[in-house]
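The values are calculated or read from the model by the stated rules, or taken from the named source; none is laboratory data. Fair warning: this is a prediction, and the values are worked out from it, not measured in the lab. Using ideal geometry, Cβ is built from the backbone for each residue, glycine included, and neighbour counts are taken over all protein chains shown. What goes into the accessible areas is simple: the full protein's heavy atoms, side chains included, and nothing from ligands, DNA or RNA. Shrake-Rupley method; radii C 1.70, N 1.55, O 1.52, S 1.80 Å.
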Amino acid sequence: MTLATDWWQRGVIYHVYPRSFQDSDSDGIGDLAGIRSRLDYLTWLGIDALWISPVYPSPMADFGYDVSNYCDIDPLFGTLAEFDALVESARARDIKLILDLVPNHTSDRHPWFVESRKHRHGPKRDWYIWRDPSTGGGPPNNWLSNFGGSAWEYDPVSGQYYYHAFLKEQPDLNWRNREVRNAIYDVMRFWLERGVDGFRVDVIWHLIKDAEFRDNPINRAYQQGRPEIERLLQIHSADQPEVHGVIAEMRRLIERYPGRVLIGEIYLPLNRLVAYYGEGLSGAHLPFNFQLIHAGWNARTLASMINEYETALPKGGWPNWVLGNHDQHRVATRLGADQARVAAVLLLTLRGTPTLYYGDEIGMADVPIPPGSARDPWELREPGLGVGRDPQRTPMQWDESLNAGFTTGKPWLPLSDDYAKCNVAKLASTDGSILRLYRDLIDLRRRHRALSIGGFRLITTGGEILAYERFDESERFQVFLNLTREPQRIDEGADPSGASGARALVLSTHGRVERDFKAQPLTLEENEGAIFKISN
Ligand code: NOJ
Ligand code: MG
């Protein structure tokens, strides 16, 4: 067995939504100085890398995913000098810093688009996707915006439409244009030279669209009440074969800077997702794997999904797992508080790099947004469907002081009512809290190579327990997760190659309760996740 050694394979990635982590200047919006002031916490928690959502100058139509200048910092978040200070402080603590790169689209206020829009024959016209109206008039094809409505915006000056996969304020760049590619590669070099350790590339599977702009087919399985984008199957507007050539160029660029990582945001079924490792691993180091967010939460479904993923991985491709992000309802809301703890054990003991979303480690749940207070543009465009992303983007809860210690101003989104109970200060000093569980799991993973970079094998239990082994040459662990609200017995007879040797409890979501783990059959409490060390 070859053991991987890169930090992005061994380590744990922590995702911060900068608007909501820590405010340093009382404007109610988190910022870079705020993040820097909380690095001690991240060190205590034990994470290895920090990924921050975009902090570039932006009109904030999509809260920073509409970039108007790729090589600066929005004054809301700070300055380039403050950014450099963050890089330096993070490095001093051995924390890597990953930036969000948004190459699929710019803001409509980006000078490139302003120029492109000016004249039909201008030098930057081809940097974006401009098309004539269809023969009968109207948009060039049926493509839909991910936030609802047509993906085409008419520009009366030139009589053409431009394409936007997201908001009309986010025109898509034309990645078939060499100058566009080079311009974004310059941006990547700008930040790599400044010391960033890699990029999470926004909607990387969208970069190239069908050369003929064919209509997307109707999705016959569309259900009323679902977002409009689901009316069509996105087969021509994204995931085109040529995208892999682009990603390979990004990868080659990254490779010139030792120790950096290329992560791709990709929402596709498993068989399509793994293509983003690229031919001969020339693609993303880590095509984000969101399967845990969407899979049914029961042993059978998870086991087959994990198995499918492990099997589909290309040779040498390194797995990764994501439990939450700023676009998804929080894990504590999806699964409930008890299973959120089991999910933590799963995330941090699976084979592959774990990415965790700020606040999940203290069990933050979605925060209801009062009617009329929504900020997320998707919610504002398709209200009432539950697509709004504000609930999972609320301020981090640090302590029980005013606004949970997030800001002394007026927070840009409401805080959860429960912050007096659910906050870092309180949970850090509470035995058995979810925060202590996360910290213990991260620590355990760091101390045992078997758990970080070791092998993986599912154990068949035949029941409601998800079970697997992690091992290297010198150690073997077994993880048992009870995904139900009833105690469960582990049917060990179901797996003839199961444990032999003594089993010692290393960690349980239920703490170090005195129980007879040598008893047969072994029983797990309701909602219990347990890690055992096996000695032969
Ligand atoms: C994916 C980002 O994660 C999401 O927040 C954003 O709205 C879209 N890309 C558009 O950039
Ligand atoms: Mg601020």
When (1) assigned to a loop (DSSP other than H, G, I, E, B); (2) open to solvent by less than 20 Å² (accessible area, probe 1.4 Å) are applied to LEU415, the one that fails is (2)
Could you go through the range 96-109 and let me know if any residue there is open to solvent by 20 Å² or more (accessible area, probe 1.4 Å), of a type in the set (A, V, I, L, M) and in the same structural domain as LEU402 (by TED's automatic domain parsing).
no
Matching residues, the range 276-317, being of a type outside the set (Gly, Ala, Ser), open to solvent by 20 Å² or more (accessible area, probe 1.4 Å) and either touching a residue at least 40 places away in the same chain (Cβ under 8 Å) or within 16 Å of ligand 1 (Cβ to nearest atom) (or both):
HIS294, TRP297, ASN298, ASN307, GLU310, PRO314
If you go through the range 190-206, how many residues are closer than 30 Å to ILE235 by Cβ and in a helix (DSSP H, G or I)?
3
Unique match (being open to solvent by 30 Å² or more (accessible area, probe 1.4 Å) and under 20 Å from SER535 (Cα atoms)) among PHE477, PHE471:
PHE471
When only residues in the range 132-148 that are within 16 Å of ligand 1 (Cβ to nearest atom) and open to solvent by less than 20 Å² (accessible area, probe 1.4 Å) count, which is farthest from ARG375 (Cα to Cα)?
TRP143
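Return the only residue of GLY30, GLY64, GLY46, GLY78 being closer than 30 Å to ARG447 by Cα, touching a helix residue (DSSP H, G or I) at 6+ places or on another chain (Cβ under 8 Å) and at pLDDT 95 or above. Lay out the reasoning, then the answer.
Values: GLY30 fails: closer than 30 Å to ARG447 by Cα; GLY64 fails: closer than 30 Å to ARG447 by Cα; GLY78 fails: closer than 30 Å to ARG447 by Cα.
The conditions single out GLY46.
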Please name all residue pairs, on different chains or six or more residues apart, with Cβ atoms under 6 Å, provided the first residue is in the range 21-35 and is among the basic types (Lys, Arg) and the second residue is assigned to a loop (DSSP other than H, G, I, E, B) and near ligand 2 (Cβ under 6 Å from one of its atoms).
none
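Scan the range 226-270 for residues that are of a type in the set (S, T, N, Q), open to solvent by 10 Å² or more (accessible area, probe 1.4 Å) and within 16 Å of ligand 1 (Cβ to nearest atom) and jot them down. Let's see the steps before the verdict.
As a first pass, look at the range 226-270 and keep what is of a type in the set (S, T, N, Q): 234, 237, 240.
Now narrow it down to the ones that are open to solvent by 10 Å² or more (accessible area, probe 1.4 Å): 234, 240.
Result: GLN234, single match.
With respect to ILE95, is the statement that it is within 16 Å of ligand 1 (Cβ to nearest atom) and under 30 Å from GLN397 (Cβ atoms) true?
In short, no.
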Looking at (1) more than 16 Å from ligand 1 (Cβ to nearest atom); (2) touching a helix residue (DSSP H, G or I) at 6+ places or on another chain (Cβ under 8 Å), which is the only condition VAL322 fails?
(1)
What pairs come out if I take residues in the range 367-378 that are free of Cβ contacts under 8 Å to residues at least 60 places away in the same chain and pair them with residues that are open to solvent by 50 Å² or more (accessible area, probe 1.4 Å) whose C-beta lies under 9 Å away, six or more apart or interchain?
VAL367/ASP417; ILE369/ARG375; ALA374/LEU380; ALA374/PRO383
Which of (1) touching a residue at least 24 places away in the same chain (Cβ under 8 Å); (2) among the hydrophobic types (A, V, I, L, M, F, W, C); (3) more than 16 Å from ligand 1 (Cβ to nearest atom) does ALA81 not meet, given it meets every other one?
(1)
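Only one of THR407, THR349, THR430 is hydroxyl-bearing (Ser, Thr, Tyr) and open to solvent by 20 Å² or more (accessible area, probe 1.4 Å); which?
On the way: THR407 fails: open to solvent by 20 Å² or more (accessible area, probe 1.4 Å); THR349 fails: open to solvent by 20 Å² or more (accessible area, probe 1.4 Å).
Unique residue meeting the criteria: THR430.
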Do we have GLY78 as within 12 Å of ligand 2 (Cβ to nearest atom), on the phi > 0 side of the Ramachandran plot, open to solvent by 10 Å² or more (accessible area, probe 1.4 Å) and small (Gly, Ala, Ser) here?
yes
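Taking helices (runs of 4 or more DSSP H) that do not extend beyond the range 420-536, which have at least 1 residues that are outside the structural domain of PRO395 (by TED's automatic domain parsing) and modelled with pLDDT of 95 or more? Steps first, answer last, please.
Working: elements: 424-428, 434-447, 449-452.
By residue number, 434-447, 449-452.
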Within the range 168-187, work out how many residues are open to solvent by less than 10 Å² (accessible area, probe 1.4 Å) and touching a helix residue (DSSP H, G or I) at 6+ places or on another chain (Cβ under 6 Å).
4
Restricting to the range 206-248, what's the tally of residues that are touching a Lys or Arg at 6+ places or on another chain (Cβ under 8 Å), in contact (Cβ under 8 Å) with a residue 24 or more places away in the chain and closer than 28 Å to GLY388 by Cα?
5
Pull up the range 112-131, narrow it to residues that are open to solvent by 80 Å² or more (accessible area, probe 1.4 Å) and not acidic (Asp, Glu), then point me to the one that is nearest to CYS71 (Cα to Cα).
PRO123
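Out of ASP338, ASP360, I need the residue that is open to solvent by 10 Å² or more (accessible area, probe 1.4 Å) and either charged (D, E, K, R) or within 28 Å of LEU505 (Cβ to Cβ) (or both). Which one? Steps first, please.
Details: ASP360 fails: open to solvent by 10 Å² or more (accessible area, probe 1.4 Å).
Among ASP338, ASP360, only ASP338 is open to solvent by 10 Å² or more (accessible area, probe 1.4 Å) and either charged (D, E, K, R) or within 28 Å of LEU505 (Cβ to Cβ) (or both).
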